[in-house]
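Quick note: the coordinates plus some simple rules give every number you see, no bench work behind them. A quick note: this is a predicted structure, and the numbers were derived from the prediction, not measured. All Cβ positions, glycine included, derive from the backbone under ideal geometry; neighbour counts span all protein chains shown.
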Amino acid sequence: MKSFSGKALRWEWREGVVELTLDREPANEIGTVLLGELEQFVAATKSFESETAACIISSAQKRGFSAGADLRELYYGAVALAEKERNAGVRDFVERCHAVANAIDAAPFVTIAAVHGVCFGGGLELALTCDIIIADKMARFAFPELRLGLIPGFGGIPRLKRDLGNGFVRDLLLTGRSVNAARAQAVGLVAQLAGEGEALKVARATAAQVTKFDQAARVAAKKFIKPVPHAELRQEVEIFCELFARATVLAALKKFVESTDAMPYLP
Amino acid sequence: MHMRTLDQTTQEVVDLASKHFNVPAGSLAPSDDFFKKLGIDSLQALELLSRLENHFGIELPDYEVQGVSDFRTLAERIQSRL
C-alpha cells in the first residue's frame with residue numbers, strides 16, 4: 001500500500017521517497033490509534049522497501065512533531081484495570097512500541113525526521129529511530145518521564161546513548177528539562193537546522209540527495225554505522241515495566257491528567 | 001559589551017510575546033500574567049521560551065521558569081542567564 005490516510009497519520013510514496021505525516025490533534029500524542037497506524041505503516045513498507053531510498057517523518061499538527069505518549073489514554077486505561085491486567089496491558093503496549101521503533105530504526109532506507117515545535121518523550125523516541133533529524137529552529141526536545149516517576153519506555157535511553165555523550169543524556173533525563181534546537185544541534189542530536197516552517201522542505205532536499213546513491217552501499221553503510229542496541233532496549237522494557245507497576249506512577253499520572261494548571265507537564 | 005538593564009530585558013520580553021502571539025504591545029504590562037493575558041497554554045508557553053532563548057542567545061531550563069507567570073519575573077530569570 002503506497003498511500004494511506006488514517007485517523008492519526010497518512011503516508012504517500014513517490015519516486016523512491018515515502019512521506020509519513022503524523023496528524024492527530026492536539027499534538028500527535030502516541031496512543032493505541034497512532035501506534036496501530038504506525039504498525040500498519042511498518043508492515044506496508046515491506047512491500048516497497050526495495051524501491052525506497054528515503055522516508056521522511058513529519059507532523060501536520062501546528063503544535064509540533066509529537067508531545068509523546070497519550071498520558072490521558074494511558075491513565076484512564078490503566079485505572080480501569082486490576083493490577084495484574086494493568087501491568088500486562090502496559091507491557092504489551094511498550095512491546096508494540098519497541099517493535100515499531102526497531103523496524104523504523106533498522107529500515108533499509110534512509111529515515112529523516114523533520115521536526116518542528118514539541119518533540120517530547122515518545123515523540124523524541126520516534127525521532128531518535130531516524131537516521132537524520134532535521135529541526136525547525138523553534139523545535140524543543142525533552143524527556144519528561146522522570147517527572148512522572150518513569151523512564152522513557154519506547155527506546156529513548158539506548159538510542160540517545162548510541163548517538164550522544166552521556167553527560168548530555170544525564171542532563172536531559174535527570175532534569176527533565178527541554179532544550180531548544182540550537183542546543184540539540186550543538187550536542188549532535190539534531191543533524192541540520194532549518195528556518196521556521198522550513199524543516200519539511202529541508203528534509204525533502206536531503207531525501208532527494210540520498211536517492212542518488214547506490215542502494216547496496218547505502219544499506220551497508222547504515223547497518224555498519226547504526227546498529228540497533230537490542231540488549232539495552234530489552235533492559236529498558238524491564239525497567240520501565242517495573243517502575244510503572246508502582247502506585248506512585250499512577251498517582252503522578254492522575255495528578256497530570258487532572259491538572260488544570262497552565263503548565264501541567266511540570267510536577 | 002553592552003549589558004541590558006532589567007527594564008530593557010522586560011521590554012524585549014513583552015515585545016517578543018506581543019509579536020509572537022500577535023497581541024498589541026501597548027496592551028501588555030510587565031506585571032501581567034501572560035498565561036491569562038495572552039490566553040496561552042503550556043505548549044504555547046514553550047514556543048515563547050524558544051523565542052526568548054533564540055533572541056537572547058541563552059538557555060533557560062524549564063525548572064527555572066516553573067511557576068513564573070508575569071513578564072517582569074520572566075525577565076529577571078533571563079537577566080540571570082545573560
Paramagnetic reach from B:Ser80 in the stretch B:34-68 [backbone N under 12 Å; point 7 Å along Cα→Cβ]: B:61, B:63-66, B:68
The protein assembly as shown - mean residue ellipticity at 222 nm from DSSP helices (-39,500 (n - 2.57) per run, n ≥ 4, rounded to 500): -15500 deg cm²/dmol
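Taking Cα pairs under 8 Å and at least six residues apart, what relative contact order does chain A come out at, in percent? Could the numbers behind the result be given before it?
Numbers: 483 pairs, mean separation 50.7, N = 267.
For chain A, the relative contact order is 19 percent.
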Cα-projected label distance for A:Asn87 with A:Ala208, points at 7 Å along beta-carbon direction, nm: 5.4
Antiparallel DSSP beta bridges within the stretch A:1-116, percent to nearest 5: 45
Residues of the stretch B:54-74 with amide N under 20 Å of a point placed 7 Å along Cα→Cβ from B:Ala25: B:54-57, B:70-74
Calculated over chain A: convex hull of Cα atoms, volume per residue (Å³): 119
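What is the magnitude of the charge dipole of the protein assembly as shown about its Cα centre, with +1 placed on the Cβ of each Lys and Arg, -1 on the Cβ of each Asp and Glu, and no other charges, expressed in debye to the nearest 20? Kindly include the intermediate steps, with their values, before the conclusion.
Values: 41 positive and 45 negative charges, 90 e Å.
That gives the protein assembly as shown a dipole magnitude of about 440 debye.
How do A:Cys241, A:Cys119 rank when sorted from fewest to most other Cβ atoms within 10 Å of their own Cβ?
On the way: A:Cys241 16, A:Cys119 33.
In order of increasing Cβ crowding within 10 Å: A:Cys241, A:Cys119.
Run the numbers for A:Glu95 and A:Ala216: contour at 0.36 nm per residue of separation, minus the present Cα-Cα distance, in nm. Could you put the intermediate results ahead of the total?
On the way: separation 121, 0.36 × 121 = 43.56 nm, distance 3.05 nm.
Length difference between fully extended and current span is 40.5 nm.
Give me A:Ser178, A:Ser66 sorted ascending by neighbouring Cβ count inside 10 Å, so fewest comes first. Intermediate values should be presented prior to the final figure.
Values: A:Ser178 26, A:Ser66 30.
Ascending Cβ contact count within 10 Å gives the list A:Ser178, A:Ser66.
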Shape of the stretch B:6-79, Cα gyration tensor, a/c cut at 1.5: rounded
Assigned charges on the beta-carbon of Lys, Arg, Asp, Glu; the stretch B:6-79 dipole about Cα centre (debye): 220
On Cα atoms only, tilt of A:199-210 relative to the major axis of chain A in degrees: 50
0 to 90° range, to nearest 10: angle between helix A:247-258 axis and chain A longest Cα axis: 70
Amide H within-cut-off set for A:Thr111, under 5 Å, with H built and near neighbours excluded: A:Cys55, A:Asp131, A:Ile132
Computed FRET value (nearest 0.05) for A:Arg14 with A:Phe224, which takes r as the C-beta separation and R₀ as 30 Å: 0.60
Extension gain, A:Asp261 back to A:Leu146 (0.36 nm per residue minus Cα-Cα distance, nm): 39.5 nm
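Kindly work out what percent of the DSSP beta bridges joining two residues of chain A are antiparallel, to the nearest 5. Spell out each step's value before the answer.
On the way: 13 of 36 bridges.
Around 35 percent of the beta bridges assigned by DSSP in chain A are antiparallel ones.
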Sorted by Cβ density within 10 Å, fewest first, the residues A:Ile56, A:Ile151, A:Ile134: A:Ile151, A:Ile56, A:Ile134
Cα long-axis angle, helix A:230-244 against chain A (0 to 90 degrees, to the nearest 10): 30
